[in-house]
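Derivation of every value follows stated rules applied to the coordinates shown; laboratory data play no part. Keep in mind the model is a prediction, meaning the values are calculated, not measured. Note: ideal-geometry Cβ built from the backbone for every residue, glycine included; neighbour counts use all protein chains shown.
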Amino acid sequence: MTARSPQRIAALRRFNRFYTRQIGVLRRTYLDSGYALGELRVLYEIAHGDAPTATDIARALDFDPGYLSRMLRNFEQRRLIRRKTSPTDARQSHLALTAHGRRVFAPLERRTQLQAGAMLKKLSAAEQARLTAAMATIEDLIGRRPQPAALDQGYILRAPKPGDFGWMVARHAELYAKEYGWIAPFEGLCAQIVADFASDNDPQRERCWIAEMDGENVGCVMLVKESGDVARLRLLLVDPKARGLGLGARLTEEAICFARRAGYKKITLWTHSVLTAARHVYQQAGFKLMRTEKHRSWSKPVVSEHWDLQL
């Protein structure tokens, strides 16, 4: 079966028809709110964004600028939004909901939450976990930007499959023992990080990526929630057989792009001065070294480092 076989195309179109009907986007107004889905999406971006501009919203929603401009004028006439000229670019205006706009939007947001909750209520906890994992996979695969360099090098990035979390712990323990002499407590630390993610993660704000080459795992990284505005990069690893391909940079870039989409303002990470290849990846990605600490861990004297990236 080819990548663009009629059966696969038909399956994708069938899913699109099913889901658009399921969430009611084909109705004249969304959730009988009096607003079209596109209008509610724009109001959502304004309500939850950090004073976005029209350009920010058009880019985030892939909207035609002319169509968006007409919509925003309509919102202004209805006293839903206000504009404030950017202090750095007089051609741009920052958008915010008015007090009236917040009163209008709040019940619509609650109605959307209730709709999603009603869909989930029909499912068991295990089924809900399967559903959110499947949605995360769809978002990763369809929303992923083209990766020509990765494909040329023969590796792919994907979501974890059964057994991958165990591989992450084992491969970290094996490589760090061989290359740096770090012993059992380090493996325990990796196991705890992986266990915390595997048992309770938010697919909308936390992700794990596995790099695979010729059917074999060769790398990984995690992005987890530190706070509402801060994410933490964890467990970046590139197997020796895949080094020199730019895989560490590719994994880090994927995590950074996801963090921006998820609305984080900063990514932080903890590493060690001896991990020169990883440090180089972080520097190239724009991370800044914030502080260092000398201590003894895993049977070795080490210098730990804390790095931050402002998004």
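For the range 69-217, the share of DSSP beta bridges that are antiparallel, to the nearest 5, is 100%. Determine the sum of side-chain charges near Val281: Lys and Arg each +1, Asp and Glu each -1, restricted to other residues whose C-beta is under 11 angstrom from that of Val281. With Lys, Arg at +1 and Asp, Glu at -1, the neighbours total +1. Remark on the range 70-196: hydrodynamic radius 20.5 angstrom, per the Kirkwood mean of 1/r across alpha carbon pairs. Taken as Cα centroids, the range 103-133 and the range 230-252 sit 34 Å apart, rounded to the nearest whole angstrom. Subtracting the Cα-Cα distance of Leu131 and Glu216 from 0.36 nm times their residue separation leaves 28.0 nm of extension gain. The GNM of the chain, with springs linking C-alpha atoms under 10 angstrom apart, assigns the highest mean-square fluctuation among Thr85, Thr132, Thr112 to Thr85. In this structure, the residue pairs whose Cα-Cα separation is over 19 Å, taken from Lys84/Lys265; Lys178/Lys300; Lys121/Lys225; Lys225/Lys265, are Lys84/Lys265; Lys121/Lys225. If the segment from Arg261 to Ala36 were pulled out straight at 0.36 nm per residue, it would be longer than the present Cα-Cα gap by 78.7 nm. Simple point charges give the picture: +1 on the Cβ of Lys and Arg, -1 on the Cβ of Asp and Glu, and for the range 29-76 a dipole about the Cα centre of about 100 debye. Of the labelled figures (i) 39, 21, 18; (ii) 40, 25, 19; (iii) 35, 21, 18, only one reflects semi-axes √(5λ) of the Cα gyration tensor in Å as derived from the coordinates, namely (ii).
What's the Cα-based Rg to Rh of the range 1-139, Rh via Kirkwood? Ratio of gyration radius to Kirkwood radius: 1.05. At an R0 of 45 angstrom, the distance between the Cβ atoms of Arg111 and Trp270 translates into a FRET efficiency of 0.60.
Note: relative contact order over the range 53-177, using C-alpha pairs below 8 Å and six or more positions apart, is 14 percent. Electrostatic tally near Gln310: other residues with Cβ closer than 12 Å to its Cβ, Lys and Arg +1, Asp and Glu -1, net +2.
Taking Lys and Arg as +1 and Asp and Glu as -1, the other residues whose beta-carbon sits under 10 Å from that of Ala262 total +3. Under a model in which nothing but the beta-carbon of Lys, Arg (+1) and Asp, Glu (-1) is charged, the range 14-98 shows a dipole of about 340 debye around its Cα centre. Here the range 187-268 carries DSSP beta bridges of which approximately 80% are antiparallel, counting only pairs with both residues inside. One chain, two ends: Asp196 and Asp229. Fully extended at 0.36 nm per residue, the span grows by 9.9 nm beyond their Cα-Cα distance. Within the chain, antiparallel bridges make up roughly 90 percent of the DSSP beta bridges whose residues both belong there.
Placing +1 on the Cβ of every Lys and Arg and -1 on the Cβ of every Asp and Glu, with nothing else charged, gives the chain a dipole about its Cα centre of roughly 1300 debye.
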